[in-house]
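Right, one structure below, let's go through it.
The values are calculated or read from the model by the stated rules, or taken from the named source; none is laboratory data. Just so we're clear, the structure is a prediction, and the values are computed from it rather than from any experiment. No Cβ is skipped: glycine too gets one built from the backbone with ideal geometry, and neighbour counts run over all protein chains shown. SASA here: full protein model, heavy atoms, side chains in, ligands and nucleic acids out. Shrake-Rupley method; radii C 1.70, N 1.55, O 1.52, S 1.80 Å.
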Amino acid sequence: MKPLALLLLAALVAPSLRAQAAAGDLLVSPARVTLDDRERTAELILSNRGTAADTYRIRLIRMVMDAEGGLKADEAPLPPGAVDPAQLVRFAPHQITLEPGQTQVLRVMLRKPAALPDGEYRVHMLFQALPQELSGAPPAREKAKGVSIRLIPIMGLAIPVVVRQGEIQAQPGIGALKLAQAQGHPALDFQLTRAGNASVYGDLEVVFQPKTGKPVTVGALNGIAVYPPLPSRHVLLPLEAPKGLPLKDGALLLTFRVPGDPVPAAEARLELP
């Protein structure tokens, strides 16, 4: 009997960062695209940071956020008459091969139908590195006899592509703060809230303000979002104070800033005895 290879495929979607996103040897910059009537096109820079050539397949998928901020593929059918966000976005190319150290530009374009209702439409662009068996490269020779099973992980990452139409408003907020533990270290536990017809997206910073001494940054989290229809998501933000500076006898000030805006969009304070 000739060898038979049964390919079991596993997809891994990596979290995205604000400035760039990376999974495996692929680097994508920027890690978020927003399209509207003023910005109808965008460019992504794809870079292979590895030591071997890789082939990447690119496609659009709908994803849904859970209450903990996790993202997973949204396989539910769209309601009748609903707008498919994937139909609003065009991009090229759909598959690329990058040599080590090579970069390539991927172009993203807005394609809006007439009379598109006001609102925000979001889809994710998924980048997947294909193994040789799926990229067209000659596979390695099989030496085993009979049936063999190989697990081929398909590493990937997903970045949001947001289309905004007409009147858009989003107001972030921060719920009550409390101290918690995350993997044996102090952390700030709270809800990041959203109001309006669009997502909120920005950076979090925690500053410890001792009653005596200078304020010091003890925590930060960049590129955090709350996507509709969620009204809020849970955040556990790790804290790290300088050595010899206990987090007591002062206050923690948490701010949320939209990129490019120096004025905080939301803030909260926790007094520490």
Checklist outcome for this item: Expected single match for closer than 30 Å to residue 167 by Cβ, of a type in the set (Asp, Glu) and not in a loop (DSSP other than H, G, I, E, B) among 43, 39 is 43
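Restricting the stretch 194-208 to residues that are open to solvent by 10 Å² or more (accessible area, probe 1.4 Å) and assigned to a strand (DSSP E or B), which is nearest to residue 273 (Cα to Cα)?
Looking at residues that are open to solvent by 10 Å² or more (accessible area, probe 1.4 Å) and assigned to a strand (DSSP E or B), I get 207.
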Checklist entry - Regarding residue 158, is this residue open to solvent by less than 90 Å² (accessible area, probe 1.4 Å), at pLDDT below 55 and either assigned to a loop (DSSP other than H, G, I, E, B) or not charged (D, E, K, R) (or both)? => result no
Item to check | Unmet requirement for residue 236, which otherwise passes all of (1) in contact (Cβ under 8 Å) with a residue 40 or more places away in the chain; (2) part of a loop (DSSP other than H, G, I, E, B); (3) of a type outside the set (Phe, Trp, Tyr) | outcome: (2)
Item to check | Cβ-Cβ under 6 Å pairs, at least 6 apart or on other chains, the stretch 59-77 side surrounded by 15 or more Cβ atoms within 10 Å (Cβ to Cβ), far side part of a loop (DSSP other than H, G, I, E, B) and of a type in the set (Phe, Trp, Tyr) | outcome: 65/227
Item to check | Residue count, the stretch 65-101 (criterion: in a strand (DSSP E or B), modelled with pLDDT of 95 or more and within 20 Å of residue 34 (Cα to Cα)) | outcome: 5
Item to check | Search result, residues across the stretch 242-260 that are of a type outside the set (Ser, Thr, Tyr), within 26 Å of residue 226 (Cβ to Cβ) and in contact (Cβ under 8 Å) with a residue 24 or more places away in the chain | outcome: 251, 252, 253, 254, 256, 257, 258, 259
Next on the checklist: Tell me whether the stretch 95-111 contains one or more residues that are open to solvent by 50 Å² or more (accessible area, probe 1.4 Å), of a type in the set (Gly, Ala, Ser) and farther than 27 Å from residue 236 by Cα.
Outcome noted: yes
Checklist entry - Quick one: which of 256, 208 is over 24 Å from the mean Cα position of the chain (by Cα) and of a type in the set (Phe, Trp, Tyr)? => result 208
Next on the checklist: Just checking, does the stretch 24-31 include any residue being in contact with a strand residue (DSSP E or B) (Cβ under 7 Å, 6 or more places away or on another chain), part of a loop (DSSP other than H, G, I, E, B), more than 21 Å from residue 88 (Cα to Cα) and at pLDDT below 95?
Outcome noted: yes
Checklist entry - Considering only residues of the stretch 209-233 that are under 18 Å from residue 174 (Cα atoms) and part of a loop (DSSP other than H, G, I, E, B), which is most open to solvent (accessible area, probe 1.4 Å)? => result 229
Item to check | Filtered residues of the stretch 250-273 (kept if outside any strand (DSSP E or B) and either on the phi < 0 side of the Ramachandran plot or open to solvent by less than 80 Å² (accessible area, probe 1.4 Å) (or both)) | outcome: 258, 259, 261, 262, 263, 264, 265, 273
